Amino acid sequence: MNRGFGTMSVRFQLPLSVQLRDDATFSNYLPGPNQALLNLLSQKKAVQPYDQISSFIYLYGLNSSGRTHLLQAACHEADQLSHHSIYLPMRDIIDYSPEMLEDIEFLDLICIDDIQVLAGNNIWEEAIFHLFNRVQESGQRLVISANHAPSKLQWVLPDLASRLTCGITMPLSVLNDEEKQQALCLRARFRGFELHDTVVRYIFYRSKKDMHQLFDILETLDQASLRAKRKISIPFIREVMHW
């Protein structure tokens, strides 16, 4: 169930390329200043059932802030709880028919990523508007992510713009430099190894300090380390990354 479907029937099957990353989990995410948002998204951390307001969460932040990670983590957690969920990355499916949204309001969790790419698309805006209404009636959870707050996006449909502001809107803060290095260490431990502080600093100050790039570098080093059967050290990094 790595696509977040659960076992409930959905009329439209998503493209095979739409899959959840195995490493996109709450335990593998360093929240930093975003702990309140993580607590809100995680059903395991909830002290009581979600009310009508918190059943819709809109989170926004820069591309490197971890929006996609959090949405996919919510779907992974839903799977662990035997709930039915779906993850919809709009960048990848905008060229498909909005018919894929039919009947998904009965799933326990619906996560829509990068909704800003739909702004100005009349057909998709109307489909999301109707989905929102159906989800409210069904009482299920809807989590939407974007790169900006709802009021900053140029929606054609005023009713959709209004709907997107009726739940909990949470900004997602980017980690500072120290937290980014901590996140790199956390991701390494998740992969089964430890990084020495000097190694972490060496990687960090030779990258663009963007979390996507840092994690890509870590994956490259991990794979190279496994093939060479060597520990990740500064000399090894120089060989692999040509730094």
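What list of ³J(HN,Hα) couplings, whole Hz, do you get for the range 169-179 from phi and the Karplus terms 6.51, -1.76, 1.60, once you set θ to phi - 60° and write x for glycine and proline?
9, 10, x, 10, 7, 6, 5, 7, 4, 5, 5
As a footprinting exposure proxy, order His76, His130, His69, His212 by other Cβ within 10 Å, with the fewest listed first.
Details: His76 23, His130 15, His69 18, His212 12.
The fewest-first ordering by Cβ neighbours comes to His212, His130, His69, His76.
Eight or more residues apart or on different chains, and alpha-carbon atoms under 27 Å: count the Lys pairs in the chain matching that.
For the chain, qualifying lysine pairs total 9.
Using θ = phi - 60° and the Karplus form 6.51 cos²θ - 1.76 cosθ + 1.60, what ³J(HN,Hα) does each residue of the range 232-237 get, whole Hz, x for Gly and Pro?
7, 10, 4, x, 5, 4
Tell me whether the chain comes out rounded, prolate or oblate; compute the Cα gyration tensor, take square roots of the eigenvalues as a ≥ b ≥ c, and use a/c under 1.5 as the rounded threshold. Could you put the intermediate results ahead of the total?
Values: a/c = 2.00, a/b = 1.92, b/c = 1.04.
Verdict is prolate for the chain.
With θ set to phi - 60°, apply the Karplus curve 6.51 cos²θ - 1.76 cosθ + 1.60 along the range 119-134 and write out the HN-Hα couplings as whole Hz, x wherever there is a Gly or Pro.
Ordered by residue, 3J(HN,Hα) equals 4, x, 9, 4, 5, 5, 4, 5, 5, 5, 4, 5, 4, 4, 5, 5 Hz.
To the nearest 500 deg cm²/dmol, what mean residue ellipticity at 222 nm is calculated for the chain from DSSP H runs of n ≥ 4 alone, each contributing -39,500 (n - 2.57), summed and divided by the residues?
Values: 9 runs with 97 residues, N = 243.
When only DSSP H runs of four or more count, the value is -12000 deg cm²/dmol.
Coordinate-derived values only; no laboratory data. Quantities reported herein were computed from a predicted structural model and do not represent experimental measurements. Because the Cβ atoms are built from the backbone with ideal geometry, glycine has one as well, and the counts that use them run over all protein chains shown.
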